[in-house]
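Asks: I am attaching a structure below and will ask some questions about it afterwards.
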Amino acid sequence: MELTAEIAAIRGGGGDPARLVGEFRRSVLLVPFAVGPEGTGDADGAPSGLMSAVTGGVRWLYAFTDEDALARFAAERGDAGREWAYLSVLGARLTDALVPMVGGPAGVVVNVADADGSMLFPPVCGIVPDAYAVDAVDAERSGAF
């Protein structure tokens with residue numbers, strides 16, 4: 001099953017969270033580069049100038065399952081008229097290599113502009129490396145390790 005189908009299954013109240021994470025890790029995702037006001041690659045703390053946002057102390061890297069999903073995001077931002085440069089990367093590479101570069105809690109939001117098809121992959125054990133998972137840090141502080 002592809003990632004969008006796994007997301008739909010989870011959002012529909014069924015699905016298997018482990019299968020969802022596995023499909024996320026195997027999927028090639030499109031991660032747009034941030035473009036600042038002067039056309040710079042300033043991403044305000046995101047690795048390699050990748051587009052992201054910070055909410056609740058977590059940096060969320062934007063990722064899309066295909067160009068149509070990225071185009072819907074661009075349209076929602078009122079920015080559909082420009083060309084969007086992006087990185088094609090496996091979900092596993094995104095969480096295992098790029099999340100550690102952030103320097104704080106970071107996760108991935110897939111298809112953020114799709115009200116019924118978006119999914120958060122938060123910075124927790126089983127999604128990001130344990131050393132960067134907020135629940136591993138909490139467990140370590142509580143003496144569970």
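The numbers here are math on the coordinates, done by the rules we state, and not lab data. What you are looking at is a predicted structure, and each value in this text was computed from that prediction instead of being measured. Here Cβ is always computed from backbone atoms with ideal geometry, including for glycine, and neighbour counts include all displayed protein chains.
Asks: What is the spin-label model distance, in nm, from residue 135 to residue 115 if the labels are put 7 Å beyond Cα along the C-beta direction?
Replies: Going from the residue 135 label point to the residue 115 one covers 3.0 nm.
Asks: HN-Hα J couplings of segment 17-27 from phi, Karplus 6.51/-1.76/1.60, θ = phi - 60°, integer Hz, Gly and Pro as x?
Replies: Rounded to whole hertz, the list is x, 5, 5, 4, 5, x, 5, 4, 5, 7, 7.
Asks: Spin-label point model (7 Å from Cα, Cβ direction): what's the residue 85 to residue 33 distance in nm?
Replies: Going from the residue 85 label point to the residue 33 one covers 0.2 nm.
Asks: Further question: Under 5 Å between amide hydrogens, which residues at least 5 positions from residue 50 or on another chain qualify, with H placed 1.01 Å from N in the peptide plane?
Replies: 34
Asks: Residue-wise, which Karplus ³J(HN,Hα) couplings in Hz belong to segment 96-106, taking 6.51 cos²θ - 1.76 cosθ + 1.60, θ = phi - 60°, and x for glycine or proline?
Replies: Whole-Hz 3J(HN,Hα) from phi for segment 96-106: 7, 10, 8, 4, x, 6, 5, x, x, x, 8.
Asks: For segment 62-77, just list the computed ³J(HN,Hα) in residue order, Karplus coefficients 6.51, -1.76 and 1.60, θ = phi - 60°, integers in Hz, with x standing in for Gly and Pro.
Replies: After applying 6.51 cos²θ - 1.76 cosθ + 1.60, I find 7, 9, 9, 6, 6, 5, 5, 5, 5, 5, 5, 4, 4, 5, 4, 7 Hz.
Asks: Which cross-chain or sequence-distant (5 or more) residues have an amide H under 5 Å from the amide H of residue 27, H modelled 1.01 Å from N in plane?
Replies: 91, 92
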